Amino acid sequence: MKFFVPYAWDAASAEQIWAGTRLYLSELGLRTTRRRIRALACEIRGKDHFLAVGGDTPDGDDFVLIILESDWLGIYYVCTAGRVMADDIHYPLSLDENWRVIDFAEEVVGHA
């Protein structure tokens with residue numbers, strides 16, 4: 001799937017939003033990699049869990065705009081629409097070995 005940021009007008013504005021989000025986190029001391037993440041996924045007790053850009057958060061109360069990988073192993077920043085409105089654009093998420101990171105360039109086939 002091609003890289004996108006929900007609500008961006010075009011590819012150029014998606015790039016600006018993505019870069020601006022990385023810069024903002026960096027200014028908070030939270031450095032990120034340049035990896036373009038589309039989703040975080042795992043299977044728990046036979047049920048797929050999928051947190052994806054453009055999709056709802058697991059509780060259904062928010063919408064995922066960008067997922068960034070910290071330069072610290074195993075930490076990801078999920079930026080959601082609700083947190084942007086509250087001027088708190090991310091929440092950190094630590095993943096164990098059961099989770100899979102899916103990049104925009106990667107095609108998903110079968111189970112997450």
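Rounded to the nearest 20 debye, the dipole size of the chain about its Cα centre is 240 debye, using +1 on the Cβ of Lys and Arg and -1 on the Cβ of Asp and Glu. Taking mean projected area of the Cα convex hull in nm² as calculated from this structure, the corresponding entry among [x] 7.2; [y] 6.7; [z] 8.7 is [x].
Per-peptide packing, taken as the mean over residues of other Cβ atoms within 10 Å, places 55-62, 37-44, 15-22 in the sequence 37-44, 15-22, 55-62 from highest down. Which of the listed residues, 14, 57, 80, is farthest toward the dipole's positive end in the chain, when Lys, Arg count +1 and Asp, Glu count -1 at the beta-carbon? Comparing the listed Cα positions along the dipole, 14 ranks first.
Read-outs throughout are calculated quantities, based only on the coordinates presented, and are distinct from any laboratory measurement. Computed from a predicted model, the values in this text were never measured in an experiment. With ideal geometry, Cβ positions are generated from the backbone for all residues, glycine too; neighbour counts draw on all protein chains shown.
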